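The values are calculated or read from the model by the stated rules, or taken from the named source; none is laboratory data. Please read these numbers as outputs of a predicted model, since none were measured by experiment. Glycine gets a Cβ as well: all are built from the backbone with ideal geometry, and neighbour counts include every protein chain shown.
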Amino acid sequence: MPGIKDDMLPKLDIQPPSDEEVQAAFDAVLAETEQDASSLERLRRLPTAARVAAAFLVSIVIAGGLVAMMGLRTDLGGLDKGPLAAGLIGLVGAALISTTAALRGPHRPGLGLRSWLLAGALIGVPALSPLVPGLWDGRSGYAGWGCLMMGFIATGIGAAAIVVLSRWPGELSRMAFIAASGGLMAFAAQTLFCPCGDLDHQLLQHSSLALLAAVVLIGARRVLIR
Amino acid sequence: MEDERRGYEDAQLRIHCQYSRVSEERSDEELMASWRSGDRQAFEHLFRRHAPRMRGYFIRTGVRPQAAGDLVQQTFLHLHRARADFRAGSRLRPWLYTIAANVRRMHFRRAGRKPEAEWNPQSHGEPSVSPQASTPEQRALRRALDQLDAAQRDVLVLHYFEDLPFAEVAEVLGISTSAAKVRAHRAYKRLRAMLDED
């Protein structure tokens, strides 16, 4: 767009800092980079792809480990595997997208409204998915507290792994992605473990974990802003 | 004693000239590549090249000068942390300004406030911004800038004051190049209208 930049506009009179001020500022930055070389800090300095892979791996291992420890649901043989498999792949894929969005560094621009729409979809759509007929079919009956404990552990550890690896966890939309990632993996694990097809149980104890985690994280954001 | 002092100053001057030559010869991206492979001096060159300008960016976008220095340091700490993500062929300046824009946003969020709409350096007692030395034109520009909405001001500051091309402004703000041009066009038009009124 030639001509748009009007050089008639005067420059503002902001005086540059002196050489001594610049040197002092650089020394402070250098001291901080050299002092803070803890293991956590070194993890955060890894490339983003490596951090995403590490956080996702932790989530998968925890969710898979919990299912292996507590056992697969007993009614799998009698279920239509198509919708179940599609649903599980969708959950794991959505968790990967959430992890990637949560671990975007501050060198990437904010996603603005798109970010909120995506975060809302990743939290809200799975939360409502038990309402889709046939998607999470199962026997009726209540699976007990083990199901909820499994959900809390998988959500908590999955979200904590992302917080630990995050360079920028204090932003609200990133917190929503952190919560979505933990909650989605927990939901997938619960779906493999819990045979309960009761809608209230599904809505309250399975699919709303991401929403609950989002509320907790946003409540604790003052601690996360660093 | 005097000779010793003069000798020291000469040595400092030589180091400064040597630094300036090295710094001017190498592009940001070359320095970044050196820094990634462990050359700490390359980091210093980058800091010296960009920190003063970065401070101006923060002040022009509503940050108080006392806080601007801290935000410059935070920006470079984030750059240090993220340097493994810098890819060959990328441009450094949009990267740096994206970090700065995010740092600034977080600064205002943490402080629980928006950029000050009417920031008067004289009443805030800012020694590094000298209103006494500024011309009426410059003061009018500051007032007009303050009256622009944040989206327009962000584009204008990056394009006009920081000399970023539209493609890089768009990259920093996460918008399309055409959206950046449209915003800039409107911002320049509004700014000119406000300056004409003055």
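Just a few scattered comments:
- Here B:ASP146 does not qualify as closer than 29 Å to A:GLU21 by Cα and at pLDDT 85 or above.
- Of all residues in the stretch A:15-45, exactly one satisfies the criterion of being touching a residue at least 60 places away in the same chain (Cβ under 8 Å) and at the interface with chain B (Cβ under 8 Å from one of its Cβ atoms), namely A:ARG44.
- Yes/no for B:ALA82 being buried (at least 17 other Cβ atoms within 10 Å of the Cβ) and modelled with pLDDT of 55 or more: yes
- Scan of the stretch A:97-122 for residues that are over 30 Å from B:ARG93 (Cα atoms) and touching a Ser or Thr at 6+ places or on another chain (Cβ under 9 Å), ordered by number: A:LEU122
- Checking the stretch A:64-87 against the condition returns no match, with no residue being crowded, with 17+ Cβ neighbours inside 10 Å, within 18 Å of the chain's Cα centre (by Cα) and in a helix (DSSP H, G or I).
- Qualifying residue in the stretch B:168-177 (condition: surrounded by fewer than 14 Cβ atoms within 10 Å (Cβ to Cβ) and outside the structural domain of B:ARG60 (by TED's automatic domain parsing)): yes
- Scope the stretch B:101-112; condition more than 9 Å from chain A (Cβ to nearest Cβ) and of a type in the set (Gly, Ala, Ser); matching residues: B:ALA111, B:GLY112
- Contact map, the stretch A:110-125: residues that are more than 14 Å from chain B (Cβ to nearest Cβ) paired with residues that are among the hydroxyl-bearing types (Ser, Thr, Tyr), Cβ distance under 7 Å, separation 6+ or inter-chain. Pairs shown: A:ALA119/A:SER173; A:LEU122/A:SER98.
- Residues of the stretch B:42-78 classified as among the basic types (Lys, Arg) and part of a loop (DSSP other than H, G, I, E, B), total: 1
- A:ALA101 assigned to a helix (DSSP H, G or I) and surrounded by 15 or more Cβ atoms within 10 Å (Cβ to Cβ): yes
- The stretch B:171-192 residues that are farther than 10 Å from B:HIS159 by Cβ, paired with ones that are part of a loop (DSSP other than H, G, I, E, B) and acidic (Asp, Glu) (beta carbon under 7 Å, 6 or more apart): B:ARG192/A:ASP6
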